[in-house]
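I'd like to ask some things about the structure below.
The values are calculated or read from the model by the stated rules, or taken from the named source; none is laboratory data. Predicted, not measured: the structure shown is a model, and the values here were computed from it. Note that we place each Cβ from the backbone using ideal geometry, even for glycine, and neighbour counts take in every protein chain shown. Only protein heavy atoms, including side chains, enter the accessible area calculation; ligands, DNA and RNA are left aside. Shrake-Rupley method; radii C 1.70, N 1.55, O 1.52, S 1.80 Å.
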Amino acid sequence: MSLLSKIVIPLFVVIVIFYGFKKKINVYDSFLAGAKEGLNITLSIFPAIMAMVFAINIFLDSNFIYFLLNHLRGFLDILNIPLEIMPMALLRPVSGTATLAIMNEIFIQYGSDSYLGRLASILQGCTDTTIYVLALYYSSIGIKKTRYSLGVGLFADLVGIITAFILTMLLF
Amino acid sequence: MVNYIWIFLILVGIFFSLLTGNLETINNSILTNGKEGFDLILSILPIIVLWTGIMKIAEDSGLLKKFASLVEPLLSRLFPSVPKNNPALGYIASNIAANMLGLGSAATPFGLKAMKELQKINPEKDTASTPMITFLVLNTAGVTIIPTTVLALRIAHNSINPSEIIIPGVIATFCSSLAGLLLDYFIRRKNK
């Protein structure tokens with residue numbers, strides 16, 4: 001499993017470069033153009049990241065979430081779910097930058113190779129910000145009645161989150 | 001939406017700390033927050049720049065299109081009510097392909113174009129059609145092969161094997177998409 005994970009990226013890079021070479025495009029120029037785009041993207045999310053780190057840190061440092069979830073602690077313990085991951089699981093469908101800020105906090109406190117760190121990594125990668133995407137896509141074409149979209153989207157997220165828990169427990 | 005969440009997080013955090021006499025921690029938290037945000041951006045910046053560069057090669061060389069054409073035959077089965085030659089299917093394929101490669105910024109324009117095409121064949125213009133919902137389930141379940149930001153942050157926090165989460169991530173995302181599509185399928189059958 002870990003070997004397979006290690007081979008994905010080198011293999012991908014080889015395929016991309018080789019295909020570009022075969023199609024006779026200027027691979028180097030394409031890279032530079034893309035990298036410039038990436039720089040602009042990162043700079044454009046900078047304010048959102050600052051805003052979210054600010055809010056998330058105040059919220060997490062207040063320990064409110066533990067106060068709230070303490071009643072659930074026994075239940076979560078039985079399922080082997082660490083309390084620390086709950087803010088991330090709850091906010092995942094709403095804001096990608098908020099969960100990125102939480103993941104950063106988890107890495108600082110517990111390390112990226114801890115059980116929590118790995119779980120957070122898989123969670124962040126496995127689902128998208130469902131509520132945000134629905135709002136953006138539907139508002140772009142003037143849809144007001146979204147029927148069962150949100151329900152199915154959140155159900156898919158939930159399954160992704162549960163799978164992430166099970167996989168982290170089994171594999172690491 | 002994000003507006004209210006932001007307000008909620010800050011106000012609840014500060015008021016709760018006031019109530020529990022935890023003011024010192026919150027004070028420090030606010031003061032050191034800025035640097036943490038800056039460090040976070042700095043640690044993800046290099047890898048995002050690097051990967052958007054590599055992905056641009058895939059886009060320019062037509063690899064993205066080729067990838068999309070592989071997915072397309074599958075799509076007509078998932079979207080039975082969309083005519084086979086409708087441009088929406090091509091946009092949906094490109095959107096999924098771009099999402100898979102972690103090209104979020106390239107995926108969104110394709111997705112918006114797909115929605116526009118689906119709207120053209122939608123009989124009720126203010127109500128989501130079934131193919132729109134199926135598309136959004138596919139999109140939000142977000143099949144990502146290379147989660148660049150996660151990798152970047154793991155590297156920044158000295159992970160011994162930062163890429164070890166790739167395969168479990170792919171499996172989780174696959175299960176989530178499959179579950180979403182199945183539920184969507186059953187709802188469609190029941191509504192018929």
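For segment A:139-151, state whether one or more residues are aliphatic (A, V, I, L, M) and closer than 22 Å to residue A:102 by Cβ.
There is no residue in segment A:139-151 that is aliphatic (A, V, I, L, M) and closer than 22 Å to residue A:102 by Cβ.
Per-residue answers, yes or no, for (1) surrounded by fewer than 19 Cβ atoms within 10 Å (Cβ to Cβ); (2) at pLDDT 85 or above; (3) under 21 Å from residue A:20 (Cβ atoms):
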| residue | (1), (2), (3) |
| --- | --- |
| B:78 | yes, yes, no |
| B:106 | no, no, yes |
| B:109 | yes, no, no |
| B:115 | no, yes, no |
| B:121 | yes, yes, no |
| B:133 | no, yes, no |
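Among what's in segment A:125-139 and is part of a helix (DSSP H, G or I) and of a type in the set (Ser, Thr, Tyr), pick the residue that is modelled with the highest pLDDT.
Here the answer is A:138.
Here's another thing I want to ask about it. If a residue counts only when it is at the interface with chain A (Cβ under 7 Å from one of its Cβ atoms) and among the small types (Gly, Ala, Ser), which helices (runs of 4 or more DSSP H) contained entirely in segment B:52-149 have at least 1 such residues?
The qualifying helices (runs of 4 or more DSSP H) are B:104-120, B:130-141.
Which of the residues belonging to segment B:1-17 are within 18 Å of residue A:62 (Cβ to Cβ) and either surrounded by 12 or more Cβ atoms within 10 Å (Cβ to Cβ) or in contact with a Phe, Trp or Tyr (Cβ under 9 Å, 6 or more places away or on another chain) (or both)?
Within segment B:1-17, B:5, B:6, B:8, B:9, B:10, B:11, B:12, B:13, B:14, B:15, B:16, B:17 meet the criteria.
Wholly within segment A:68-124, which helices (runs of 4 or more DSSP H) include no fewer than the required count, namely at least 2 residues that are small (Gly, Ala, Ser)?
Output list reads A:96-110.
Could you tell me which numbered condition residue A:77 fails, if it satisfies all but one of (1) acidic (Asp, Glu); (2) more than 23 Å from residue B:41 (Cα to Cα); (3) touching a helix residue (DSSP H, G or I) at 6+ places or on another chain (Cβ under 8 Å)?
(3)
Shifting gears a bit: If you check every pair at least six apart or on different chains, which have Cβ atoms under 9 Å apart with a residue in segment A:117-143 that is among the aromatic types (Phe, Trp, Tyr) first and a residue that is not in a helix (DSSP H, G or I) second?
A:132/A:93; A:132/A:94; A:132/A:95; A:132/B:1; A:137/A:143; A:138/A:144; A:138/A:146; A:138/B:128
Residue-by-condition table, conditions (1) among the polar types (S, T, N, Q); (2) surrounded by 12 or more Cβ atoms within 10 Å (Cβ to Cβ); (3) modelled with pLDDT under 85:
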position: A:5; (1), (2), (3): yes, yes, yes
position: A:21; (1), (2), (3): no, yes, no
position: A:66; (1), (2), (3): no, yes, yes
position: A:69; (1), (2), (3): no, yes, yes
position: A:83; (1), (2), (3): no, yes, no
position: A:89; (1), (2), (3): no, yes, no
position: A:92; (1), (2), (3): no, yes, no
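Consider residue A:108 against the criteria (1) touching a residue at least 12 places away in the same chain (Cβ under 8 Å); (2) surrounded by fewer than 17 Cβ atoms within 10 Å (Cβ to Cβ): it satisfies all of them except one. Which criterion is unmet?
The one condition residue A:108 does not meet is (1).
Moving on. Mind listing just one residue for me: the one in segment A:28-39 that is within 15 Å of residue B:62 (Cα to Cα) and open to solvent by less than 30 Å² (accessible area, probe 1.4 Å) and, of those, modelled with the lowest pLDDT?
Among those that are within 15 Å of residue B:62 (Cα to Cα) and open to solvent by less than 30 Å² (accessible area, probe 1.4 Å), it is A:34.
Among B:74, B:89, which is buried (at least 21 other Cβ atoms within 10 Å of the Cβ), over 15 Å from the mean Cα position of the chain (by Cα) and either within 20 Å of residue B:56 (Cβ to Cβ) or among the aliphatic types (A, V, I, L, M) (or both)? Walk me through it before giving the result.
On the way: B:74 fails: buried (at least 21 other Cβ atoms within 10 Å of the Cβ).
Matching residue, one of B:74, B:89: B:89.
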